[in-house]
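Student: A single structure is presented below for examination.
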Amino acid sequence: MAENSELTVLEDSFRKFSVYGDTKATGHEMTGKNWAKICKDCKVIDGKSVTSTDVDIVFSKVKQKSARVINFEEFKKALEELAAKRFKGKSKEEAFDAICHLIAGKEPASLGVTKTTSSGAVERLTDTSKYTGSHKERFDESGKGKGKSGRED
């Protein structure tokens, strides 16, 4: 099996992925969505021997019947199930260690997050020093709005 320090690193990754995207999560239980994310981000899903369908089936297999989440012990069972599929030529212990190495120390990636960009058009529209007419009167020299006093004659 895995070393004790490796398990604590694995548990740390479990907690980070457990709270990802959920403000009410405690880090002790993981949802199916976060289980799929950890498998995808840590490259457990390779598209050949392990697919997203396999990941969902294993999640359903290890969780309690009426539960919607898994705890860390069930997480380790799920990893053992996937390890046998992902690393077919290795023994159970070697496969589990290999899958632990894939996940240990990883954090949720924020892929596809839109970054702000400032194009020339946006700069012209938001630069208060270039305003003319009645709009110019609504801001002071620093660009801060004057509020109601800027709208009164």
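The values are calculated or read from the model by the stated rules, or taken from the named source; none is laboratory data. Please read these numbers as outputs of a predicted model, since none were measured by experiment. A quick note on method: Cβ atoms are made from the backbone with ideal geometry, for glycine too, and the neighbour counts reach across all protein chains shown.
Student: Quick one: is SER18 among the polar types (S, T, N, Q), touching a strand residue (DSSP E or B) at 6+ places or on another chain (Cβ under 8 Å) and part of a helix (DSSP H, G or I)?
Tutor: So SER18 passes the test.
Student: Of these, SER91, SER149, which one is modelled with pLDDT of 75 or more and loosely packed, with under 13 Cβ neighbours inside 10 Å? Steps first, please.
Tutor: Values: SER149 fails: modelled with pLDDT of 75 or more.
Of the residues listed, the single one that is modelled with pLDDT of 75 or more and loosely packed, with under 13 Cβ neighbours inside 10 Å is SER91.
Student: Out of the residues in segment 72-110 that are touching a residue at least 40 places away in the same chain (Cβ under 8 Å) and among the small types (Gly, Ala, Ser), which is nearest to THR51 (Cα to Cα)?
Tutor: Among residues in segment 72-110 that are touching a residue at least 40 places away in the same chain (Cβ under 8 Å) and among the small types (Gly, Ala, Ser), the one nearest to THR51 (Cα to Cα) is ALA78.
Student: Could you say which residue among ALA25, ALA67, ALA109 is surrounded by fewer than 17 Cβ atoms within 10 Å (Cβ to Cβ) and within 19 Å of the chain's Cα centre (by Cα)?
Tutor: On the way: ALA25 fails: surrounded by fewer than 17 Cβ atoms within 10 Å (Cβ to Cβ); ALA67 fails: within 19 Å of the chain's Cα centre (by Cα).
Sole residue among the options that is surrounded by fewer than 17 Cβ atoms within 10 Å (Cβ to Cβ) and within 19 Å of the chain's Cα centre (by Cα): ALA109.
Student: Just wondering, is there one or more residues in segment 57-64 that are touching a residue at least 40 places away in the same chain (Cβ under 8 Å), in a helix (DSSP H, G or I) and not basic (Lys, Arg)?
Tutor: Within segment 57-64, not a single residue is touching a residue at least 40 places away in the same chain (Cβ under 8 Å), in a helix (DSSP H, G or I) and not basic (Lys, Arg).
Student: From the list ALA98, ALA78, which residue is small (Gly, Ala, Ser) and touching a strand residue (DSSP E or B) at 6+ places or on another chain (Cβ under 9 Å)?
Tutor: Unique residue meeting the criteria: ALA78.
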